[in-house]
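Scroll down for the structure; my scribbles are underneath it.
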Amino acid sequence: MKTVEEYLHFLQSKGFQFREDAVGFIYFGKNYTNASDELANAAIELTLKAQKSFDGSFYVSLLETLVSKNITSRQEAIKFVKEKALI
């Protein structure tokens, strides 16, 4: 499993560019919700898929929802988002 920092570097190597404020939102959301790296990475991935770019408020809201629903893995997060028709 990648850390959030490793995952961001991976995405940047694939051509995704994150502004400094976006990176700040990512770490704020992770710390605010006490989410694992796996869940934060899943929320980043799902935000990019749903919004076609990084939307900090969408990401934080999604991460809050995933944590509140006791979702702990990427697979559970993807299933939840598909059930709710977010992507």
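For the range 20-55, give me the residue count where each residue is touching a residue at least 24 places away in the same chain (Cβ under 8 Å), in a loop (DSSP other than H, G, I, E, B) and exposed (fewer than 15 other Cβ atoms within 10 Å of the Cβ).
1
Can you tell me which residues in the range 75-86 are over 17 Å from K2 (Cβ atoms) and either surrounded by 13 or more Cβ atoms within 10 Å (Cβ to Cβ) or touching an Asp or Glu at 6+ places or on another chain (Cβ under 8 Å) (or both)?
E76, F80, V81, L86
Kindly evaluate T72 against the criterion of being part of a loop (DSSP other than H, G, I, E, B), hydroxyl-bearing (S, T, Y) and surrounded by 12 or more Cβ atoms within 10 Å (Cβ to Cβ).
Considered against the rule, which asks whether it is part of a loop (DSSP other than H, G, I, E, B), hydroxyl-bearing (S, T, Y) and surrounded by 12 or more Cβ atoms within 10 Å (Cβ to Cβ), T72 comes out as yes.
Which residues, taken from the range 12-27, are under 13 Å from the mean Cα position of the chain (by Cα) and either modelled with pLDDT of 95 or more or aliphatic (A, V, I, L, M) (or both)?
Across the range 12-27, the qualifying residues are A22, V23, I26, Y27.
The values are calculated or read from the model by the stated rules, or taken from the named source; none is laboratory data. These numbers were taken from a predicted model, which means no experiment stands behind them. FYI the Cβ positions are ideal-geometry reconstructions off the backbone, even for glycines, and counts take in every protein chain you see.
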